[in-house]
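Read the structure below first, then the notes.
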Amino acid sequence: MKFSNFGRFGVWNDHFRMVHRNTGRHQTVLSLVAELGSESNAHGLARVVTSRDTKRKVIWALLVIIGFTAATLQLSLLVRKYLQFQVVEVSEIKDSMPVEFPSVTVCNIEPISLRKLRIMINNSDSDLMQWLQFLGEFQFGPQQAHLTSIRAFYENLGDAAEYLSHDINDFMIHCRFNQELCSTSNFTSFFDGNYYSCFTFNSGVVEKLLMHATGPQNGLSLIISLDNDDPPYGTYGMYHIGSNILHSAGVRVVVHAPNTMPSPVNHGFDVPPGYSSSIGLNAVMHTRLSQPFGNCTNKKLDGYKTYRNTFFSCLQLCQQRIIIRECKCKSSSLPEVAETNISFCGVIPNWKDILNNSAKYKDKQITVPSLACEEKHLVKMANDRSYESTCRCFQPCDETTYQKAVSLSYWPLEFYQLHALQLFYGKTIKQSFMHEAYTYLAKLGNLDHSMDPNDTRRSEILQQSYNLSDKEQAERASNLIRQNLLRLNVYLEDLSVVEFRQMPAYGLADLFADIGGTLGLWMGISVLTIMELIELIIRLFLLLFNSEKKKPEDPVSNGMLGEHEKDYDYEQRIESPV
């Protein structure tokens, strides 16, 4: 029994020497790797190091290589998925918050004021009469429709076109917003090539209009006069067969976010006269992600300090620049850009000289190459969107749009027309073209309503019907009113705002979670395992530069025992037989 104790001391002593030999100053790279493999938590590495059987070492080495390869492939797919920066769109309904009232832009569908046109004709305006004569004498081939249109009139007689446009004081005869009166000072104006003068309520320049209530009573209500007076005697306008938006009565309405550029032709809708039109709105917010998940921007519209960027407005400006570059002129149907000394493509600069020397033109044919170039590129861009790649137009990061619901009702009812004219025009009715309708209705309504209700003559008067002449006058007055007046109500139907918000479909936290799952599945590696590898790299680096601290020499190999070993040896000698 005592002999076996001495044998155990020999085994312990051998193990002590081996450990100190591996951890001493003669430690090698292989010994460090072996130490990591034997102590690592990674599945398989300890098996490779500690296995004494060669076949077992090879099998576990192959399994480790296979696991490492599979983990590497799967990790590459995860990183590739993350670098795609995909997004998902979630919707959320926001309640109990004020909603910003939109901008409302209105344009008279008939750009020219017939009343002003009569004045110009009566004054024998030379430019206007010469232009009409020029159009009557000459032919323009494929550009005939354009050069006889409203746009060509503006391109060649800009000052006259601006004079003939509608004045807001004649156009807007009553305004009410949120149960309070508003005026023409609440509107800003801009000139459009198709509709001439357009007017915008709440352009967003001053302050935000936040709404806390819904319904027509708390929205914007406009009474608009179209100024569709009888045309000058013996004159008729030219119908542009290529236009699908002009030559009708009513207003073109655009509901858009404040501080954004309106586009009446593309985003507007028509409201007819003789009706009360109710436009119910629901606000929708779009929140988009910027780089690296998207390419949205919050910049101002290029070339404009007051307008915010929208994708459509940016594309229109890009189209204008393309036409300027290719045709050396600008289009009156697109927004202006900051270019100097650029004329419209439809301009005929020497048309007055051509008219004065019309005898030299036997065939009476005139071509406008710049206009042909403009029409060519507009048609091309309408059918081929490849040009957009050069425009660098991006969606705004924060955008508000408005869903619309339109309803119409007959207005104004004949029973209220006389009093309505008195309220709308007041003392200025005599200077208005509505004076004729007012005179008819006032004559027909001139009954003595102050009579005693018990007087039999009153009931006889009220039971009388109009004669034919009276009916014709009433019908004439009613038609004049309903052909020129309309009521427009724009209001919020709901204060709940639907927000569509983009979110990362695969974020950094998801990537780390999947990396951990992949390494754990194939290799059994965790963060602590990676720290072990980092420790190995540091120790190898120190070993390379011989900077690792030297360990004390093996006391056994130097014939030196510690005090506890000497005591243990002394005890063994006492217990052993002589």
- Message: Quick check on my filter: what residues within the range 333-352 are closer than 23 Å to residue 262 by Cβ, open to solvent by 80 Å² or more (accessible area, probe 1.4 Å) and of a type outside the set (A, V, I, L, M, F, W, C)?
- Response: 339
- Message: Any residue at all in the range 162-178 that's without any contact (Cβ under 8 Å) to a residue 24 or more places away in the chain, charged (D, E, K, R) and open to solvent by 40 Å² or more (accessible area, probe 1.4 Å)?
- Response: no
- Message: Given the options 342, 366, 323, 354, name the one that is at pLDDT 95 or above and either hydrophobic (A, V, I, L, M, F, W, C) or touching a helix residue (DSSP H, G or I) at 6+ places or on another chain (Cβ under 6 Å) (or both).
- Response: 323
- Query: Is there any pair with a first residue in the range 525-542 that is modelled with pLDDT of 80 or more and a second that is open to solvent by 60 Å² or more (accessible area, probe 1.4 Å) and in a helix (DSSP H, G or I) whose Cβ atoms are under 6 Å apart and which are 6 or more apart or on different chains, and what are they?
  - Reply: none
- Item | The lone exception for residue 313 - which of (1) over 22 Å from residue 373 (Cβ atoms); (2) assigned to a loop (DSSP other than H, G, I, E, B) it fails | (2)
- Within the range 497-509, how many residues are of a type outside the set (Phe, Trp, Tyr), under 29 Å from the mean Cα position of the chain (by Cα) and open to solvent by 40 Å² or more (accessible area, probe 1.4 Å)? 7
- Task: Pull up the range 288-310, narrow it to residues that are surrounded by fewer than 16 Cβ atoms within 10 Å (Cβ to Cβ) and closer than 29 Å to residue 495 by Cα, then point me to the one that is nearest to the chain's Cα centre (by Cα).
- Result: 298
- Of (1) within 30 Å of residue 434 (Cβ to Cβ); (2) over 35 Å from the mean Cα position of the chain (by Cα); (3) open to solvent by less than 40 Å² (accessible area, probe 1.4 Å); (4) among the polar types (S, T, N, Q), residue 143 fails just (1)
- Task: Kindly provide the set of residues from the range 259-287 that are closer than 22 Å to residue 317 by Cα and surrounded by 20 or more Cβ atoms within 10 Å (Cβ to Cβ), ordered by number.
- Result: 260, 261, 262, 264, 268
- Task: State whether one or more residues within the range 149-161 are surrounded by fewer than 18 Cβ atoms within 10 Å (Cβ to Cβ), touching a Ser or Thr at 6+ places or on another chain (Cβ under 9 Å) and over 23 Å from residue 360 (Cα atoms).
- Result: no
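The values are calculated or read from the model by the stated rules, or taken from the named source; none is laboratory data. None of these values were measured; they are calculated from a predicted model. Glycine also receives a Cβ, built like all others from the backbone with ideal geometry; neighbour counts cover every protein chain displayed. In case anyone asks, the SASA skips ligands and DNA or RNA and just uses the protein heavy atoms, side chains included. Shrake-Rupley method; radii C 1.70, N 1.55, O 1.52, S 1.80 Å.
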